[in-house]
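Enquirer: Got a structure for you, questions after.
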Amino acid sequence: MVEACISLGANLGDAQATVGQALACLAADPEISRLRASPLYRSAPWGRQDQPDFINACACFVTGLTPLALLEKLQALELAHGRQRLPGGHWGPRTLDLDLLLYGEQVIDLPQLQVPHRWMHARAFVLVPLADIAPQAGIAGHGTVAELLVGMDTSQVVPIGG
């Protein structure tokens, strides 16, 4: 059993409801336990600016799934919520995006999976919600979530309802 952390994001359709539904699906999954989820945040798009703001959250949980099996489960959940992976659609709008950020303390470098997620240390929209549930989580080669947030511009990551 290992603790995994993921990010959730959406900016098409009812993004807030979609992120909530994805969290509910994960919480109900028998291969996932002790799920902790951050509050929801609204953030400006990263990469491509010509799209709506995103709704973001993070979740950490315990699982016995291998990293690749967990990735497959996350991608199946994206597809179930209408995710389409189109050529040239990198960083574009999406109904649901689930990224495996951390898998215990493992460093994984495979063509289909890099853990820690390769850009998480530079993304406020990931670190802010992750700090709500795992501020001391270590990101190999970069430090802890809390350390990385020091001095980072978080002004475009706004709590929903707060």
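The values are calculated or read from the model by the stated rules, or taken from the named source; none is laboratory data. Small disclaimer: the values here were computed from a predicted structure and weren't measured. Virtual Cβ from ideal backbone geometry, glycine too; neighbours counted across all protein chains shown. Accessible surface areas use protein heavy atoms only, side chains included; no ligands, DNA or RNA. Shrake-Rupley method; radii C 1.70, N 1.55, O 1.52, S 1.80 Å.
Enquirer: So if I check each of 151, 82, 88, which one is at pLDDT below 95, out of contact with any Cys (no Cβ under 9 Å at 6 or more places or on another chain) and under 19 Å from residue 17 (Cβ atoms)?
Expert: Values: 151 fails: under 19 Å from residue 17 (Cβ atoms); 88 fails: under 19 Å from residue 17 (Cβ atoms).
After applying the criteria, what remains is 82.
Enquirer: Can you list residue pairs whose Cβ atoms sit under 7 Å apart, with the first residue in the stretch 22-35 being more than 25 Å from residue 11 (Cβ to Cβ) and the second being surrounded by fewer than 13 Cβ atoms within 10 Å (Cβ to Cβ)? Count only pairs 6 or more apart in sequence or on different chains.
Expert: 31/64
Enquirer: Would you point out which residue out of 12, 71 is more than 19 Å from residue 119 (Cα to Cα) and either open to solvent by 20 Å² or more (accessible area, probe 1.4 Å) or part of a helix (DSSP H, G or I) (or both)? Quick ask: steps written out before the conclusion?
Expert: Working: 71 fails: more than 19 Å from residue 119 (Cα to Cα).
Answer to the check: 12.
Enquirer: State all residues of the stretch 15-44 that are polar (S, T, N, Q) and either open to solvent by 70 Å² or more (accessible area, probe 1.4 Å) or under 19 Å from residue 70 (Cα atoms) (or both); if no residue qualifies, say none.
Expert: Filtering the stretch 15-44 for residues polar (S, T, N, Q) gives 16, 18, 21, 33, 38, 43.
If the condition is that a residue be polar (S, T, N, Q) and either open to solvent by 70 Å² or more (accessible area, probe 1.4 Å) or under 19 Å from residue 70 (Cα atoms) (or both), then 16, 21, 33 are the ones that fit.
Enquirer: Name the residues in the stretch 120-146 that are in a helix (DSSP H, G or I) and loosely packed, with under 15 Cβ neighbours inside 10 Å, would you? Step through it out loud before you land on a result.
Expert: First, the residues of the stretch 120-146 that are in a helix (DSSP H, G or I): 120-122, 124-133, 145-146.
Passing the criteria: 122, 146.
Enquirer: Could you give every pair whose Cβ atoms fall below 8 Å, whose first residue belongs to the stretch 149-162 and is part of a loop (DSSP other than H, G, I, E, B), and whose second residue is open to solvent by 90 Å² or more (accessible area, probe 1.4 Å) and of a type in the set (D, E, K, R), counting only separations of at least 6 or pairs across chains?
Expert: These pairs meet every condition: 160/42.
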